[in-house]
Amino acid sequence: MTANQEISSQQAELASSLGISLDESTSLRQLMLELDKALGQQYLLEQARCFILSAYRHLTKANWESISESGLSLEQQYELAEIYVGSDKFKQSLVTVLKDPRTRFTLLGFAKSRNLEKRVLSTTTKAYQHARKILVDKELVAAKPASKRAQASADSHSQSHAGADKSPAVNAKPDVGDSVVNRRAARRGFTDTRHADDNLEVETESIHRASLGASEMAMSEEEFAELEEELSSSKKPAATNWTYETNEDRLSLVLGLAGGGFCALLLWMFL
(Lines give C-alpha, C1' and ligand atoms only; values in the text may rest on other atoms or scores of the structure.)
Protein backbone atom coordinates (compact mmCIF):
# COMPACT_ATOMS: atom_id res chain seq x y z
CA MET A 1 0.00 0.00 0.00
CA THR A 2 1.47 3.32 -1.01
CA ALA A 3 1.52 6.34 1.24
CA ASN A 4 -0.66 8.51 -0.95
CA GLN A 5 -3.53 6.00 -0.71
CA GLU A 6 -4.30 7.46 2.74
CA ILE A 7 -5.07 10.78 1.08
CA SER A 8 -8.78 11.19 0.37
CA SER A 9 -10.14 12.46 -2.93
CA GLN A 10 -11.29 15.70 -1.27
CA GLN A 11 -7.83 16.32 0.20
CA ALA A 12 -6.21 15.68 -3.18
CA GLU A 13 -8.73 18.01 -4.86
CA LEU A 14 -7.94 20.84 -2.42
CA ALA A 15 -4.19 20.36 -2.95
CA SER A 16 -4.66 20.55 -6.70
CA SER A 17 -6.69 23.78 -6.43
CA LEU A 18 -3.81 25.32 -4.43
CA GLY A 19 -1.13 24.19 -6.90
CA ILE A 20 0.31 21.49 -4.70
CA SER A 21 1.59 18.54 -6.71
CA LEU A 22 1.23 15.03 -5.33
CA ASP A 23 2.97 11.80 -6.21
CA GLU A 24 3.07 8.30 -4.83
CA SER A 25 5.70 9.25 -2.27
CA THR A 26 3.66 12.06 -0.71
CA SER A 27 2.37 11.09 2.71
CA LEU A 28 -0.71 12.48 4.39
CA ARG A 29 1.40 14.23 7.00
CA GLN A 30 3.51 15.87 4.29
CA LEU A 31 0.32 17.03 2.59
CA MET A 32 -0.85 18.69 5.82
CA LEU A 33 2.41 20.63 6.02
CA GLU A 34 2.04 21.78 2.42
CA LEU A 35 -1.59 22.84 3.02
CA ASP A 36 -0.58 24.73 6.15
CA LYS A 37 1.97 26.73 4.15
CA ALA A 38 -0.42 27.39 1.28
CA LEU A 39 -3.45 28.35 3.39
CA GLY A 40 -1.76 30.33 6.13
CA GLN A 41 -4.40 32.01 8.31
CA GLN A 42 -7.14 30.31 6.29
CA TYR A 43 -5.98 26.90 7.47
CA LEU A 44 -8.58 26.56 10.27
CA LEU A 45 -11.32 28.22 8.22
CA GLU A 46 -10.84 25.63 5.46
CA GLN A 47 -11.08 22.84 8.04
CA ALA A 48 -14.32 24.35 9.38
CA ARG A 49 -15.77 24.53 5.86
CA CYS A 50 -15.17 20.83 5.23
CA PHE A 51 -16.40 19.88 8.69
CA ILE A 52 -19.69 21.82 8.58
CA LEU A 53 -20.43 20.59 5.06
CA SER A 54 -19.82 17.04 6.27
CA ALA A 55 -22.39 17.66 9.06
CA TYR A 56 -24.75 19.12 6.46
CA ARG A 57 -24.45 15.99 4.32
CA HIS A 58 -25.06 13.77 7.36
CA LEU A 59 -28.09 15.71 8.63
CA THR A 60 -29.73 15.80 5.19
CA LYS A 61 -28.94 12.09 4.66
CA ALA A 62 -27.23 12.89 1.36
CA ASN A 63 -24.57 10.72 -0.29
CA TRP A 64 -22.63 13.10 -2.53
CA GLU A 65 -18.85 12.57 -2.61
CA SER A 66 -17.69 16.04 -3.57
CA ILE A 67 -18.23 19.40 -1.84
CA SER A 68 -19.12 20.86 -5.23
CA GLU A 69 -22.20 18.62 -5.23
CA SER A 70 -23.55 20.02 -1.93
CA GLY A 71 -25.87 22.48 -3.67
CA LEU A 72 -24.41 25.39 -1.66
CA SER A 73 -22.46 28.14 -3.40
CA LEU A 74 -18.85 28.78 -2.44
CA GLU A 75 -19.97 32.02 -0.80
CA GLN A 76 -22.49 30.16 1.36
CA GLN A 77 -19.92 27.55 2.31
CA TYR A 78 -17.41 30.10 3.60
CA GLU A 79 -20.15 32.07 5.35
CA LEU A 80 -21.01 28.96 7.38
CA ALA A 81 -17.32 28.37 8.11
CA GLU A 82 -16.79 31.95 9.31
CA ILE A 83 -19.76 31.66 11.67
CA TYR A 84 -18.31 28.43 12.99
CA VAL A 85 -14.84 29.79 13.84
CA GLY A 86 -16.30 33.03 15.20
CA SER A 87 -16.37 31.50 18.71
CA ASP A 88 -13.05 30.66 20.38
CA LYS A 89 -14.72 27.96 22.47
CA PHE A 90 -15.97 25.99 19.47
CA LYS A 91 -12.82 26.76 17.50
CA GLN A 92 -10.86 24.79 20.10
CA SER A 93 -13.40 21.95 19.95
CA LEU A 94 -12.90 21.73 16.19
CA VAL A 95 -9.11 21.55 16.57
CA THR A 96 -9.53 18.73 19.09
CA VAL A 97 -11.82 16.52 16.96
CA LEU A 98 -9.69 17.07 13.84
CA LYS A 99 -6.41 16.24 15.55
CA ASP A 100 -5.89 13.21 13.32
CA PRO A 101 -4.72 14.26 9.78
CA ARG A 102 -7.16 11.78 8.22
CA THR A 103 -10.09 13.95 9.39
CA ARG A 104 -8.90 17.28 7.95
CA PHE A 105 -9.96 18.87 4.63
CA THR A 106 -12.21 15.97 3.72
CA LEU A 107 -15.82 14.84 3.89
CA LEU A 108 -16.53 12.92 7.09
CA GLY A 109 -19.12 10.51 8.30
CA PHE A 110 -20.83 10.72 11.72
CA ALA A 111 -22.07 8.13 14.18
CA LYS A 112 -22.39 7.69 17.93
CA SER A 113 -18.87 6.26 18.10
CA ARG A 114 -15.73 7.46 16.35
CA ASN A 115 -13.97 5.31 13.73
CA LEU A 116 -10.89 7.04 12.34
CA GLU A 117 -10.12 4.21 9.89
CA LYS A 118 -13.39 5.06 8.13
CA ARG A 119 -13.09 8.80 8.78
CA VAL A 120 -16.17 8.73 11.04
CA LEU A 121 -16.50 11.10 14.00
CA SER A 122 -18.94 11.12 16.93
CA THR A 123 -22.19 13.08 16.91
CA THR A 124 -21.90 13.72 20.65
CA THR A 125 -19.04 16.22 20.43
CA LYS A 126 -19.47 19.96 20.97
CA ALA A 127 -17.97 20.51 17.53
CA TYR A 128 -20.74 18.55 15.81
CA GLN A 129 -23.52 20.09 17.93
CA HIS A 130 -22.23 23.58 17.09
CA ALA A 131 -22.24 22.78 13.37
CA ARG A 132 -25.78 21.44 13.62
CA LYS A 133 -27.00 24.58 15.43
CA ILE A 134 -25.56 26.84 12.75
CA LEU A 135 -27.27 24.81 10.01
CA VAL A 136 -30.59 24.92 11.89
CA ASP A 137 -30.31 28.68 12.45
CA LYS A 138 -29.66 29.12 8.73
CA GLU A 139 -32.70 26.91 8.03
CA LEU A 140 -30.60 24.50 6.00
CA VAL A 141 -31.69 21.54 8.13
CA ALA A 142 -34.81 20.93 10.21
CA ALA A 143 -34.75 21.36 13.96
CA LYS A 144 -34.60 18.16 15.95
CA PRO A 145 -38.09 17.23 17.22
CA ALA A 146 -38.55 17.01 20.97
CA SER A 147 -38.39 13.53 22.47
CA LYS A 148 -41.55 11.91 23.78
CA ARG A 149 -40.28 12.20 27.35
CA ALA A 150 -39.55 15.92 26.97
CA GLN A 151 -42.96 16.51 25.34
CA ALA A 152 -44.74 14.62 28.13
CA SER A 153 -42.88 16.68 30.73
CA ALA A 154 -43.85 19.93 28.96
CA ASP A 155 -47.52 18.84 28.77
CA SER A 156 -47.53 17.92 32.46
CA HIS A 157 -45.98 21.28 33.37
CA SER A 158 -48.62 23.10 31.32
CA GLN A 159 -51.48 21.17 32.94
CA SER A 160 -50.15 21.87 36.43
CA HIS A 161 -50.13 25.62 35.69
CA ALA A 162 -53.67 25.44 34.31
CA GLY A 163 -54.86 23.62 37.43
CA ALA A 164 -53.19 26.19 39.67
CA ASP A 165 -55.00 29.02 37.82
CA LYS A 166 -58.37 27.32 38.40
CA SER A 167 -57.84 26.59 42.11
CA PRO A 168 -59.90 28.76 44.50
CA ALA A 169 -58.27 31.38 46.66
CA VAL A 170 -57.56 30.09 50.17
CA ASN A 171 -56.83 33.40 51.85
CA ALA A 172 -60.28 34.95 51.54
CA LYS A 173 -60.82 37.94 53.79
CA PRO A 174 -63.28 37.11 56.62
CA ASP A 175 -66.47 39.10 56.98
CA VAL A 176 -66.05 41.86 59.57
CA GLY A 177 -69.67 41.64 60.69
CA ASP A 178 -69.37 37.93 61.42
CA SER A 179 -66.27 38.53 63.55
CA VAL A 180 -68.08 41.05 65.75
CA VAL A 181 -71.07 38.74 66.21
CA ASN A 182 -68.82 35.79 67.01
CA ARG A 183 -66.99 37.80 69.69
CA ARG A 184 -70.27 38.81 71.27
CA ALA A 185 -71.57 35.25 71.11
CA ALA A 186 -68.36 33.95 72.69
CA ARG A 187 -68.87 36.22 75.70
CA ARG A 188 -72.30 34.63 76.16
CA GLY A 189 -71.04 31.08 75.74
CA PHE A 190 -71.68 30.63 71.99
CA THR A 191 -69.15 30.04 69.17
CA ASP A 192 -71.44 29.71 66.15
CA THR A 193 -72.75 32.80 64.35
CA ARG A 194 -76.17 31.19 63.95
CA HIS A 195 -76.51 30.84 67.76
CA ALA A 196 -75.59 34.50 68.18
CA ASP A 197 -78.31 35.52 65.70
CA ASP A 198 -80.88 33.39 67.57
CA ASN A 199 -79.91 35.02 70.86
CA LEU A 200 -80.36 38.50 69.38
CA GLU A 201 -83.83 37.52 68.20
CA VAL A 202 -84.73 36.27 71.69
CA GLU A 203 -83.50 39.52 73.27
CA THR A 204 -85.52 41.61 70.82
CA GLU A 205 -88.64 39.57 71.45
CA SER A 206 -88.23 39.89 75.24
CA ILE A 207 -87.92 43.68 75.03
CA HIS A 208 -91.02 43.79 72.85
CA ARG A 209 -92.98 41.71 75.35
CA ALA A 210 -91.84 43.95 78.22
CA SER A 211 -93.11 47.01 76.35
CA LEU A 212 -96.50 45.31 75.86
CA GLY A 213 -96.58 44.39 79.54
CA ALA A 214 -96.07 48.02 80.55
CA SER A 215 -98.93 49.16 78.40
CA GLU A 216 -101.20 46.46 79.78
CA MET A 217 -100.47 47.66 83.34
CA ALA A 218 -102.49 50.85 82.82
CA MET A 219 -105.38 50.67 85.40
CA SER A 220 -109.04 51.70 85.14
CA GLU A 221 -110.85 54.19 87.49
CA GLU A 222 -112.31 51.33 89.59
CA GLU A 223 -108.84 49.80 90.01
CA PHE A 224 -107.49 53.19 91.07
CA ALA A 225 -110.29 53.50 93.69
CA GLU A 226 -109.66 50.00 95.08
CA LEU A 227 -105.92 50.62 95.24
CA GLU A 228 -106.50 53.97 97.00
CA GLU A 229 -108.88 52.39 99.50
CA GLU A 230 -106.42 49.64 100.37
CA LEU A 231 -103.62 52.13 100.78
CA SER A 232 -105.74 54.47 102.98
CA SER A 233 -106.92 51.58 105.22
CA SER A 234 -103.34 50.55 105.97
CA LYS A 235 -101.44 52.20 108.78
CA LYS A 236 -99.43 55.09 107.48
CA PRO A 237 -96.42 56.78 109.08
CA ALA A 238 -97.26 60.10 110.59
CA ALA A 239 -94.77 62.00 108.51
CA THR A 240 -95.92 60.53 105.17
CA ASN A 241 -98.97 61.57 103.15
CA TRP A 242 -100.21 58.59 101.02
CA THR A 243 -103.40 60.27 99.73
CA TYR A 244 -103.60 60.76 95.92
CA GLU A 245 -106.45 63.06 95.15
CA THR A 246 -106.05 63.34 91.37
CA ASN A 247 -105.73 60.92 88.47
CA GLU A 248 -102.36 62.50 87.56
CA ASP A 249 -100.96 61.55 90.97
CA ARG A 250 -102.35 58.08 90.61
CA LEU A 251 -100.94 57.71 87.09
CA SER A 252 -97.51 58.85 88.29
CA LEU A 253 -97.58 56.20 90.98
CA VAL A 254 -98.56 53.46 88.56
CA LEU A 255 -95.97 54.51 85.96
CA GLY A 256 -93.33 54.58 88.66
CA LEU A 257 -94.22 51.06 89.71
CA ALA A 258 -94.32 49.90 86.08
CA GLY A 259 -90.98 51.52 85.33
CA GLY A 260 -89.38 49.86 88.31
CA GLY A 261 -90.78 46.50 87.30
CA PHE A 262 -89.57 46.97 83.72
CA CYS A 263 -86.04 47.84 84.89
CA ALA A 264 -86.00 44.83 87.18
CA LEU A 265 -87.08 42.63 84.26
CA LEU A 266 -84.32 43.95 82.00
CA LEU A 267 -81.69 43.51 84.71
CA TRP A 268 -82.83 39.93 85.27
CA MET A 269 -82.60 39.16 81.54
CA PHE A 270 -79.19 40.68 80.79
CA LEU A 271 -77.26 39.98 83.98
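Select from Tyr84, Leu72, Cys50 the residue farthest towards the positive end of the dipole of the stretch 1-93; place +1 on Cβ of Lys and Arg, -1 on Cβ of Asp and Glu, and compute about the Cα centre.
Checking the options against the dipole of the stretch 1-93, the answer is Tyr84.
State to the nearest 20 debye the size of the charge dipole of the stretch 43-155 about its Cα centre, where the only charges are +1 on K and R beta carbons and -1 on D and E beta carbons.
Approximately 620 debye in magnitude.
Looking at the stretch 1-58, which trypsin sites (Lys or Arg not before Pro) are in a loop (DSSP not H, G, I, E or B) and have at most 14 other Cβ atoms within 10 Å?
Here no loop site has a sparse enough neighbourhood.
Quantify, in whole percent, the carbon and sulfur part of the accessible surface of the stretch 23-63 (1.4 Å probe; protein heavy atoms only).
Carbon plus sulfur share of accessible area: 44 percent.
Can you run phi through the Karplus equation (6.51, -1.76, 1.60; θ = phi - 60°) for the stretch 79-96 and list ³J(HN,Hα) in whole Hz, with x for Gly and Pro?
So the J values, rounded to whole Hz, are 5, 4, 5, 5, 5, 5, 7, x, 10, 4, 4, 7, 4, 5, 5, 5, 4, 5.
Taking θ as phi - 60°, what are the ³J(HN,Hα) couplings along the stretch 31-40 by the Karplus curve (6.51, -1.76, 1.60), each to the nearest whole Hz, with x for Gly and Pro?
After applying 6.51 cos²θ - 1.76 cosθ + 1.60, I find 5, 4, 5, 5, 5, 4, 5, 6, 8, x Hz.
Tell me which residues come under 5 Å, amide H to amide H, from Leu121 once H is placed; ignore anything under 5 positions away on its chain.
HN-HN under 5 Å from Leu121: Gly109, Phe110, Ala111, Asn115.
So what is the diffusion coefficient of the stretch 12-156 in µm² per second by Stokes-Einstein at 4 °C and 1.567 mPa s, using a Kirkwood Rh over Cα pairs?
Estimated via Stokes-Einstein, D reaches 79 µm²/s.
Which pairs break 23 Å Cα to Cα here: Lys37/Lys61; Lys61/Lys126; Lys118/Lys144?
Lys37/Lys61; Lys118/Lys144
The values are calculated or read from the model by the stated rules, or taken from the named source; none is laboratory data. The structure displayed is predicted, hence computed values, not measured ones. Neighbour counts run over all protein chains shown; Cβ positions are idealised from the backbone, glycine included. Side chains included, ligands, DNA and RNA excluded: accessible areas come from the protein's heavy atoms. Shrake-Rupley method; radii C 1.70, N 1.55, O 1.52, S 1.80 Å.
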